[in-house]
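**Q** Pasting a structure here, questions to come.
The values are calculated or read from the model by the stated rules, or taken from the named source; none is laboratory data. Keep in mind that what you see is a predicted model, and the values were worked out from it rather than measured. All Cβ positions, glycine included, derive from the backbone under ideal geometry; neighbour counts span all protein chains shown.
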Amino acid sequence: MSLQIYNTLTRSVQPFTPIEPGHVRMYVCGMTVYDLCHLGHARAMVAFDVVQRWLKVSGYRVTYVRNITDIDDKIIRRAVENGETIRHLTDRMIDALHEDADALGIERPTHEPRATEYVSEMLSMIGTLQHRGLAYQGDNGDVNYAVRKFPGYGKLSGKTLDELRAGERVAVADGKEDPLDFVLWKSAKATEPDDAKWPSAYGDGRPGWHIECSAMSCKLLGAHFDIHGGGADLQFPHHENEIAQSEGATGQPFVNVWMHNGFVRVDNEKMSKSLGNFFTIRDVLRDYDAETVRFFILRAHYRSPLNYSNAHLDDARASLKRLYTALTQVEAQVPASIDWNDAHAARFRAAMDDDFGTPEAVAVLFDLASEVNRTHAPERAGLLKALGGCIGLLQDEPQHFLQTGAQLDASAIEAHIAARAQAKASRNWAEADRIRDQLLQQGIVLKDSPTGTTWEMAQ
């Protein structure tokens with residue numbers, strides 16, 4: 001079976017064929033960098049990291065663009081509150097973003113454009129839209145997109161303009177001809193700092209959020225490219241507006257395949273900063289190792305809701321531990337290339353080719369781990385490690401993973417193990433048991449074997 005992807009635009013799973021043979025061009029909406037990333041952002045980053053990884057495994061060359069929004073109202077407000085420049089704030093948050101993404105095993109995109117570096121391209125696109133009668137400048141100086149003048153508006157959300165208009169509860173904003181019209185260029189306010197303003201033919205101001213992605217994607221990937229991704233909350237209005245802007249400006253189809261990952265939920269509500277029920281990636285990584293968090297995300301299909309709780313993360317840690325425990329049974333012989341005719345590998349490939357079905361792919365890893373436990377075959381352990389690597393798992397040294405999170409340092413634990421061995425040699429069984437129980441109380445499990453004693457974390 002060839003790769004099949006669910007396309008939000010067509011509302012169906014369909015075979016994937018890139019526009020340019022052998023080369024996939026993909027754009028994913030990145031973060032607005034005014035604060036630390038939360039677990040919802042982690043879900044999107046992991047989901048599309050897996051997409052680009054699997055495309056490469058499938059033999060494609062991938063040009064992957066994930067943008068950074070480094071100018072918007074929240075950024076301006078936060079910089080003013082902090083008494084720092086916008087650039088200082090966004091640089092700090094981008095550094096934090098990279099630290100979090102690197103910890104989660106997210107491969108860096110091919111390009112990571114900052115919106116502020118593409119203002120001239122945005123203004124050029126706005127000028128084209130105005131020339132084509134799709135944009136107008138309001139009395140307040142803002143330049144708006146005239147939604148009703150674009151015939152295809154609503155095709156991504158599946159709603160007609162009248163349906164969207166009926167759901168609009170706000171009055172027409174100053175300068176807008178229709179409440180559905182959206183801002184392309186925001187006129188500068190006297191109260192805003194100078195580093196939030198750019199000169200333009202429309203007066204000083206800054207770009208609207210939606211135009212940023214249209215300009216950057218068209219510049220880096222061309223007017224028509226293969227895949228555009230992002231969270232489900234971006235489907236409308238952000239992605240709908242991107243289509244209107246890009247197709248309105250170029251006259252070409254914008255994107256062939258639209259992909260949207262599901263929400264992270266807490267108590268049946270979407271996790272978000274606006275609701276205040278979010279956990280930053282750093283919050284979670286204080287209690288759980290990064291690979292466990294990645295595994296927790298991948299156990300659910302990228303389009304499904306992901307329910308967050310400590311219980312779910314504990315279970316993910318225990319499950320991942322089972323896979324790593326299998327890899328301690330024998331020295332893995334990792335193949336130079338995966339034999340996709342192997343029964344386990346073929347099942348793994350079929351799962352991933354079916355809209356990046358990571359839950360089924362993970363199930364294959366557990367079946368293979370059971371085989372490793374039964375046979376102690378180095379080549380089966382190597383295949384387990386190689387298949388895990390396709391989705392960014394199981395690349396740690398097994399014993400290191402099993403010992404991650406210990407409160408005692410390794411040398412102290414080894415000293416306790418040596419003292420216990422001495423006690424056993426002296427037939428002081430009570431002291432040996434005391435040392436074992438003391439370590440267990442600190443979350444350290446000792447494992448005795450004919451070759452000696454090893455240790456790992458209890459959870």
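**Q** Could you give me the residue pairs with C-beta distances under 6 Å whose first residue belongs to region 18-42 and is farther than 17 Å from ASP283 by Cα and in the same structural domain as ILE76 (by TED's automatic domain parsing), whose second residue is of a type in the set (Asp, Glu) and buried (at least 23 other Cβ atoms within 10 Å of the Cβ) wherever it lies, and which are 6+ apart or on separate chains?
**A** So the pair list comes out as PRO18/ASP226; ILE19/ASP226; VAL24/ASP226; ARG25/ASP226; VAL33/ASP70.
**Q** Considering every residue within region 72-90, establish whether at least one is touching a residue at least 24 places away in the same chain (Cβ under 8 Å), within 24 Å of PRO253 (Cβ to Cβ) and out of contact with any strand residue (DSSP E or B) (no Cβ under 7 Å at 6 or more places or on another chain).
**A** Checked against the condition, which is being touching a residue at least 24 places away in the same chain (Cβ under 8 Å), within 24 Å of PRO253 (Cβ to Cβ) and out of contact with any strand residue (DSSP E or B) (no Cβ under 7 Å at 6 or more places or on another chain), region 72-90 yields no hits at all.
**Q** Looking only at region 257-283, filter to residues that are free of Cβ contacts under 8 Å to residues at least 40 places away in the same chain and in a loop (DSSP other than H, G, I, E, B); which one of those is surrounded by the most Cβ atoms within 10 Å (Cβ to Cβ)?
**A** Selected residue: ASN277.
**Q** Condition (residue is under 26 Å from the mean Cα position of the chain (by Cα), under 29 Å from ASN277 (Cβ atoms), of a type outside the set (A, V, I, L, M) and surrounded by 14 or more Cβ atoms within 10 Å (Cβ to Cβ)) applied to region 344-355: is it met by at least one residue?
**A** yes
**Q** Scan region 301-312 residue by residue and report those that are surrounded by 15 or more Cβ atoms within 10 Å (Cβ to Cβ) and within 18 Å of VAL13 (Cα to Cα).
**A** HIS301, TYR302, ARG303
**Q** Go through region 117-133 and count every residue that is charged (D, E, K, R) and without any contact (Cβ under 8 Å) to a residue 60 or more places away in the chain. Even if it seems obvious, please write down each step before you answer.
**A** Within region 117-133, the first condition is being charged (D, E, K, R), and the residues that meet it are 117, 121, 132.
In the following step, the residues that additionally are without any contact (Cβ under 8 Å) to a residue 60 or more places away in the chain were identified as 117.
Of the residues in region 117-133, 1 are charged (D, E, K, R) and without any contact (Cβ under 8 Å) to a residue 60 or more places away in the chain.
**Q** Here is a further query. Considering every residue within region 114-122, establish whether at least one is closer than 23 Å to HIS260 by Cβ and at pLDDT 95 or above.
**A** Of region 114-122, the ones closer than 23 Å to HIS260 by Cβ are 115.
Still in the list and also at pLDDT 95 or above: 115.
Within region 114-122 (the criterion being closer than 23 Å to HIS260 by Cβ and at pLDDT 95 or above), the answer is yes, since at least one residue qualifies.
**Q** Report yes if ALA244 is assigned by TED's automatic domain parsing to the domain that holds TYR27, without any contact (Cβ under 8 Å) to a residue 40 or more places away in the chain and touching a Gly at 6+ places or on another chain (Cβ under 9 Å), otherwise no.
**A** Numbers: assigned by TED's automatic domain parsing to the domain that holds TYR27: yes; without any contact (Cβ under 8 Å) to a residue 40 or more places away in the chain: no; touching a Gly at 6+ places or on another chain (Cβ under 9 Å): yes.
For ALA244, the condition - assigned by TED's automatic domain parsing to the domain that holds TYR27, without any contact (Cβ under 8 Å) to a residue 40 or more places away in the chain and touching a Gly at 6+ places or on another chain (Cβ under 9 Å) - is not met.
**Q** For residues that are in contact with a Leu (Cβ under 9 Å, 6 or more places away or on another chain) and more than 21 Å from ASP142 (Cα to Cα), tally how many sit in region 202-227.
**A** Residues that pass the stated criteria total 1.
**Q** Report those helices (runs of 4 or more DSSP H) wholly inside region 40-142 carrying at least 2 residues which are over 26 Å from the mean Cα position of the chain (by Cα). Full working, then the answer.
**A** Working: elements: 73-82, 86-103, 119-131.
Hits in region 40-142: 73-82, 119-131.
**Q** Which residue pairs have Cβ atoms under 9 Å apart, sit 6 or more places apart or on different chains, and have a first residue in region 313-331 that is within 16 Å of ALA377 (Cβ to Cβ) and a second that is among the aromatic types (Phe, Trp, Tyr) and modelled with pLDDT under 95?
**A** Qualifying pairs under 9 Å: LEU327/PHE401.
**Q** Do you know which residues across region 99-141 are hydroxyl-bearing (Ser, Thr, Tyr), touching a strand residue (DSSP E or B) at 6+ places or on another chain (Cβ under 8 Å) and either more than 23 Å from ALA244 (Cβ to Cβ) or buried (at least 19 other Cβ atoms within 10 Å of the Cβ) (or both)?
**A** Selection gives THR110 alone.
**Q** Is it true that some residue in region 366-385 is more than 15 Å from VAL334 (Cβ to Cβ), modelled with pLDDT of 95 or more and of a type in the set (Phe, Trp, Tyr)?
**A** yes
**Q** Working carefully through the options PRO237, PRO253, find the one that is farther than 27 Å from ASP95 by Cα and in a helix (DSSP H, G or I). I'd like the intermediate steps shown before the answer.
**A** Values: PRO253 fails: in a helix (DSSP H, G or I).
After ruling out the rest, the residue left standing is PRO237.
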